[in-house]
Amino acid sequence: MPEVWLFLIAAMTLTLAPGPDNIYVLTRGITQGRKAGLVAALGFSSGLIFHTMLAVLGFAALIKASPLAYSLLRYAGAAYLIYIGVRTLRSHSAIPLQGNAQHMKLSRIYWQSVIANMLNPKVTLFFIAFLPQFVNASAGHIPAQMLLLAAVFIAQALAIFSVVALFSGLVGAFFQRKKSAATTMNRLAGCAFIGLGIRIALPQ
């Protein structure tokens, strides 16, 4: 079985770190209401299904083809996690809360969020590097393990995005009062990713 609890902690760390997805959900919720924020949250979470299929199909084929390739992917994934951890630590991005954001139909918000997520190559790369690190290759059933991990990731992302949407007014006010909050969250997330990358790179 995959290490689901460790994976869940890592996934929540990623989702909570300020990024385009949760910033968009927050901004849409503040400017157009909770329902619009919830629709955006559902759209971004739906887009993750696309990245799941790419990761599951690609990694399953790689396991069958070459154990050496699997080891190389493991180290590449560890290096990538450390890299994004360093990038996150160096990021000082603020959360923009435009009060004049354009109002959209809910259906447009949903599909815009789905497509934005699907067309983000960083999400694809992260899924391909991230999911396999928590798979127990010796236990077999690789696609099933990855589907389980992906389902956990999508569920927690939807839950967190929905909370952001529901409490968008309070969250927005908090970030306006605490200008350094986004930077602090970035630093915590960066340290978590670096630690996870080091753990993956070490012998089992």
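The values are calculated or read from the model by the stated rules, or taken from the named source; none is laboratory data. These numbers come from a predicted model, not from an experiment. Every residue, glycine as well, gets a Cβ built from its backbone with ideal geometry; the counts of neighbours run over all protein chains shown. Each accessible area value is taken on the protein alone, full model and side chains, heavy atoms only, with ligands, DNA and RNA left out. Shrake-Rupley method; radii C 1.70, N 1.55, O 1.52, S 1.80 Å.
Which condition number in (1) surrounded by 14 or more Cβ atoms within 10 Å (Cβ to Cβ); (2) at pLDDT below 75; (3) part of a helix (DSSP H, G or I) is the one that L68 fails?
Status for L68: all satisfied but (1).
Within the stretch 102-118, is there a residue that is at pLDDT below 65 and open to solvent by 50 Å² or more (accessible area, probe 1.4 Å)?
yes
Any idea how many residues of the stretch 148-204 are open to solvent by 20 Å² or more (accessible area, probe 1.4 Å) and either modelled with pLDDT of 75 or more or assigned to a helix (DSSP H, G or I) (or both)? Write out each step before concluding.
So in the stretch 148-204, the residues open to solvent by 20 Å² or more (accessible area, probe 1.4 Å) come out as 148, 151-152, 154-155, 158-160, 162-164, 166-167, 169-171, 173-180, 183-185, 187-188, 191-192, 194-195, 198-199, 201-204.
Within this subset, residues satisfying the condition of being either modelled with pLDDT of 75 or more or assigned to a helix (DSSP H, G or I) (or both) are 148, 151-152, 154-155, 158-160, 162-164, 166-167, 169-171, 173-177, 183-185, 187-188, 191-192, 194-195, 198-199, 201.
The qualifying residues number 33.
Out of P143, P132, which single residue is in contact with a Leu (Cβ under 9 Å, 6 or more places away or on another chain), touching a residue at least 40 places away in the same chain (Cβ under 8 Å), open to solvent by less than 10 Å² (accessible area, probe 1.4 Å) and over 12 Å from F44 (Cα atoms)?
P132
Can you find, within the stretch 9-31, the residue that is surrounded by the most Cβ atoms within 10 Å (Cβ to Cβ) among those that are modelled with pLDDT of 80 or more and out of contact with any helix residue (DSSP H, G or I) (no Cβ under 6 Å at 6 or more places or on another chain)?
L16
Please go through (1) under 30 Å from I82 (Cβ atoms); (2) in contact with an Asp or Glu (Cβ under 9 Å, 6 or more places away or on another chain) for A40 and return the number of the only condition it doesn't satisfy.
Of (1) under 30 Å from I82 (Cβ atoms); (2) in contact with an Asp or Glu (Cβ under 9 Å, 6 or more places away or on another chain), only one is false for A40: (1).
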